[in-house]
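*Asks:* This structure is in structure tokens; I'll ask about it shortly.
The values are calculated or read from the model by the stated rules, or taken from the named source; none is laboratory data. From a predicted model like this one, the values you see are computed outputs, not experimental measurements. Cβ coordinates were reconstructed from backbone atoms using ideal geometry, including for glycine residues, and neighbour counts include every protein chain displayed. These accessible areas exclude ligands, DNA and RNA; they are computed on the full protein's heavy atoms, side chains included. Shrake-Rupley method; radii C 1.70, N 1.55, O 1.52, S 1.80 Å.
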Amino acid sequence: MRSRLFAAVTVLVVVAGMVCVNQRPVQAGEQPSASGYKVLEPIRHGNLTVFPVAAPKSYSTGEFLTLDEGLRSGDVVVTEYGNVRGLMRRRPAPAVQRESGAEVNRLVLINNSKRPLLLLAGEIVTGGKQDRVIGKDRIVPAESDPVDLSVFCVEPGRWVATSDHFGTSGKTYAGSAGGVGGSAGTLMAQPSVRAKAMGDKDQAQVWAEVRKQQQSMSVEVAAAAPSISAEEIRSTSSYARVMENKDVKQKVDEIAAPIEHNYETLIKQLRDRKAVGVVVAVNGRIIWADVFASTELMEKYWPKLVRSYASEAVVTRAKGGEASLAQAEAFLADMEGHRETIESEPGVYRHTEVNGDGFRAFALTSLLPKTGFDVHVAKMAE
């Protein structure tokens, strides 16, 4: 495998049309210590710091459809597992034809678009019997048959359908640096919740983290302006509903809006330098990085990403110093791990997870024609 952050030599067992998994230890020296990315001077507001990341090369990503775009247009449909028969496009294989009731950790998606669909771990779809968070980055081919999604519930108190299909949260994101315009989109879970889905891959851990963050948010809201909102937060099991609470949105906006404005302005200024992502610190501790294949793709995800980082900052109040540029550079450059796990859908995508000392890193590589590059790389501190 050849990619900008993951340059290990890998043997894949390929079975046509199937997702293949390979796990093995990563040998010392296989992966380069330098990523080739350049970390830029930080943008700080309150206890949140983001370091913009510029890439040595930007790739063409215009063919990829985002989940928000697909749900808004109706070209992408997400529904409970038991509703699979109504989504069939072509005659399925016998294994796909099986139909059963809804399951907590399974959803079905069909991409009717003529463009490949990009899904990011941490995106939340609302509706069905429970709101769910996507557990792993993946690419869904254009005009696909139903795809079985691995998801985690982020609404532990409900198992009653509110709608047949899933959609956007109703949250409106700013469409420009000036905060004008925009359209509804899915939420992105904050890093602590994303980490439980992506890293631990455990429903109980996801539920526990959702409850923890709901409780922390209710404390923050009550301390700032005691109102009915704090009780509303405590009484709901929906992570999405908590994040859409007006007082919660106000708290998040206080941190997110200045950062969002500054980064959007910076992207415009640094377009020629190929700004493609960020390293994130809260209270002086580096916690996360999201890096994309192009500036254009980063811009599409930036509004909900920055709000997810700001949500983490709101509920993380431990005192700390300021993260330095050198720390951000070191975090992004260190990708050497002890174990590598690879899942591949031949001709579509490869998903690589590397476990290292105090971190996990994930790379989604497109295998579609004329691609072969990392579409998204995420790294979390542990």
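*Asks:* All but one of (1) modelled with pLDDT under 80; (2) open to solvent by 20 Å² or more (accessible area, probe 1.4 Å); (3) farther than 15 Å from Y309 by Cβ hold for K251; which doesn't?
*Replies:* Status for K251: all satisfied but (3).
*Asks:* Test of understanding: among D334, D290, which residue is closer than 25 Å to Y59 by Cα and touching a helix residue (DSSP H, G or I) at 6+ places or on another chain (Cβ under 9 Å)?
*Replies:* Working: D334 fails: touching a helix residue (DSSP H, G or I) at 6+ places or on another chain (Cβ under 9 Å).
After ruling out the rest, the residue left standing is D290.
*Asks:* Suppose we filter the range 42-60 for residues that are modelled with pLDDT of 90 or more and of a type in the set (G, A, S); how many remain?
*Replies:* The number of residues fulfilling the criteria is 3.
*Asks:* Check V314 against each of (1) closer than 20 Å to K201 by Cα; (2) in contact with an Asp or Glu (Cβ under 6 Å, 6 or more places away or on another chain) and name the one condition it does not meet.
*Replies:* (1)
*Asks:* Pairs please, first residue from the range 343-359 and touching a residue at least 60 places away in the same chain (Cβ under 8 Å) and part of a loop (DSSP other than H, G, I, E, B), second anywhere and charged (D, E, K, R) and open to solvent by less than 40 Å² (accessible area, probe 1.4 Å), Cβ atoms under 9 Å, 6+ apart in sequence or on different chains.
*Replies:* Within 9 Å, the pairs are V348/R138.
*Asks:* Please find, within the range 67-86, the residue that is most open to solvent (accessible area, probe 1.4 Å) out of those that are modelled with pLDDT under 90 and either under 17 Å from K114 (Cβ atoms) or not aliphatic (A, V, I, L, M) (or both).
*Replies:* Filtering first and then ranking leaves R85.
*Asks:* Right, next: If a residue must be assigned to a helix (DSSP H, G or I), of a type in the set (A, V, I, L, M) and open to solvent by less than 30 Å² (accessible area, probe 1.4 Å), how many such residues does the range 307-332 contain?
*Replies:* To start, the set of residues in the range 307-332 that are assigned to a helix (DSSP H, G or I) comprises 307-314, 325-332.
Now restrict to residues that are of a type in the set (A, V, I, L, M): 310, 313-314, 325-326, 328, 330, 332.
Still in the list and also open to solvent by less than 30 Å² (accessible area, probe 1.4 Å): 310, 313-314, 328, 332.
So the answer is 5.
*Asks:* Condition first: surrounded by fewer than 22 Cβ atoms within 10 Å (Cβ to Cβ), in a helix (DSSP H, G or I) and either under 20 Å from the mean Cα position of the chain (by Cα) or not charged (D, E, K, R) (or both). Can you find one or more residues in the range 273-287 that meet it?
*Replies:* Scanning the range 273-287, I find no residue that is surrounded by fewer than 22 Cβ atoms within 10 Å (Cβ to Cβ), in a helix (DSSP H, G or I) and either under 20 Å from the mean Cα position of the chain (by Cα) or not charged (D, E, K, R) (or both), so the answer is no.
*Asks:* Go through the range 333-364 and give me each residue that's touching a Ser or Thr at 6+ places or on another chain (Cβ under 9 Å), under 20 Å from V278 (Cα atoms) and surrounded by fewer than 17 Cβ atoms within 10 Å (Cβ to Cβ).
*Replies:* A333
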